[in-house]
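Student: Quick one: this structure, given as structure tokens, is what I'll be asking you about.
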Amino acid sequence: MWFWFALGSAVFAALTSILAKVGIEGVGSNLATAVRTVVVVIMAWGMVFLTHQQNGIRMISQKSWIFLILSGLATGASWLCYYKALQIGEASKVVPIDKLSVVITLVLAFVFLHEDFTVKSAVGCVLIGAGTLMMVL
């Protein structure tokens, strides 16, 4: 099941890039990010209430709060950078560079989470890096 959610994520991320590139025209990148964020907040809380998970907020540990907040800050910084890059660059070049996050995530998961970094992972990272380079040059 995780595969279908991951595939959905990729499809919606692609739509996000195209819709954002059109929508950001004539709008400041920070303002555009703020508008997008409000929509995401409303949608996320809507899903919490729709699935009756709102009472779980009391059970979130202090460690989870800290890391969820840090993750939110990283997301915000990522979105601000992404929207600025999308505003001044071509979507076909910005998006592949943004997707280098896959390579960075694999390295960070190996270093901090002690996940396996196999030959297959290394080859994939090299191919993603090379593909990104080919797309942006």
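Student: Residues of segment 93-121 being free of Cβ contacts under 8 Å to residues at least 24 places away in the same chain, within 20 Å of residue 9 (Cβ to Cβ), aliphatic (A, V, I, L, M) and in contact with a Phe, Trp or Tyr (Cβ under 9 Å, 6 or more places away or on another chain), which ones?
Tutor: Residues satisfying the conditions are 106, 109.
Student: Being part of a helix (DSSP H, G or I) and closer than 25 Å to residue 130 by Cβ narrows it down to one of 104, 57, 66, so name that one. Before the answer, list the steps.
Tutor: Details: 57 fails: closer than 25 Å to residue 130 by Cβ; 66 fails: closer than 25 Å to residue 130 by Cβ.
Going through 104, 57, 66 in turn, the sole match is 104.
Student: Of the numbered conditions (1) modelled with pLDDT of 95 or more; (2) within 30 Å of residue 31 (Cα to Cα); (3) surrounded by 11 or more Cβ atoms within 10 Å (Cβ to Cβ), residue 47 satisfies every one except a single condition; which is it?
Tutor: For residue 47, the failing item is (3).
Student: Right, another one. Could you look through segment 1-36, keep only residues that are among the polar types (S, T, N, Q) and in contact with a helix residue (DSSP H, G or I) (Cβ under 7 Å, 6 or more places away or on another chain), and pick out the one that is surrounded by the most Cβ atoms within 10 Å (Cβ to Cβ)? Lay out the reasoning, then the answer.
Tutor: Step one: of segment 1-36, the residues among the polar types (S, T, N, Q) are 9, 16-17, 29-30, 33.
Checking which are in contact with a helix residue (DSSP H, G or I) (Cβ under 7 Å, 6 or more places away or on another chain) leaves us with 17, 29-30, 33.
On the way: 17: 17, 29: 19, 30: 13, 33: 21.
Ranking the qualifying residues of segment 1-36, first place goes to 33.
Student: With the requirement that a residue be without any contact (Cβ under 8 Å) to a residue 12 or more places away in the chain and under 18 Å from residue 102 (Cα atoms), what does segment 15-25 give you?
Tutor: Start the filter on segment 15-25 by keeping residues that are without any contact (Cβ under 8 Å) to a residue 12 or more places away in the chain, which leaves 15-16, 19, 22-23, 25.
Once the filter is applied, which keeps residues that are without any contact (Cβ under 8 Å) to a residue 12 or more places away in the chain and under 18 Å from residue 102 (Cα atoms), segment 15-25 yields only 16.
Student: Output yes when any residue across segment 76-97 is at negative phi, in contact with a helix residue (DSSP H, G or I) (Cβ under 8 Å, 6 or more places away or on another chain) and not in a helix (DSSP H, G or I), and no when none is.
Tutor: Looking for residues that are at negative phi, in contact with a helix residue (DSSP H, G or I) (Cβ under 8 Å, 6 or more places away or on another chain) and not in a helix (DSSP H, G or I), one finds none in segment 76-97, hence no.
For every residue, the table says whether it meets (1) at pLDDT below 95; (2) under 28 Å from residue 32 (Cβ atoms).
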site: 65; (1), (2): no, no
site: 69; (1), (2): no, yes
site: 73; (1), (2): no, yes
site: 92; (1), (2): yes, yes
site: 102; (1), (2): yes, yes
site: 123; (1), (2): no, no
site: 132; (1), (2): yes, yes
site: 135; (1), (2): yes, yes
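The values are calculated or read from the model by the stated rules, or taken from the named source; none is laboratory data. Just so you know, these numbers come straight off a predicted model, no measurement behind them. Methodologically, a virtual Cβ is constructed for each residue, glycine included, from the backbone with ideal geometry; neighbour enumeration extends over all protein chains shown.
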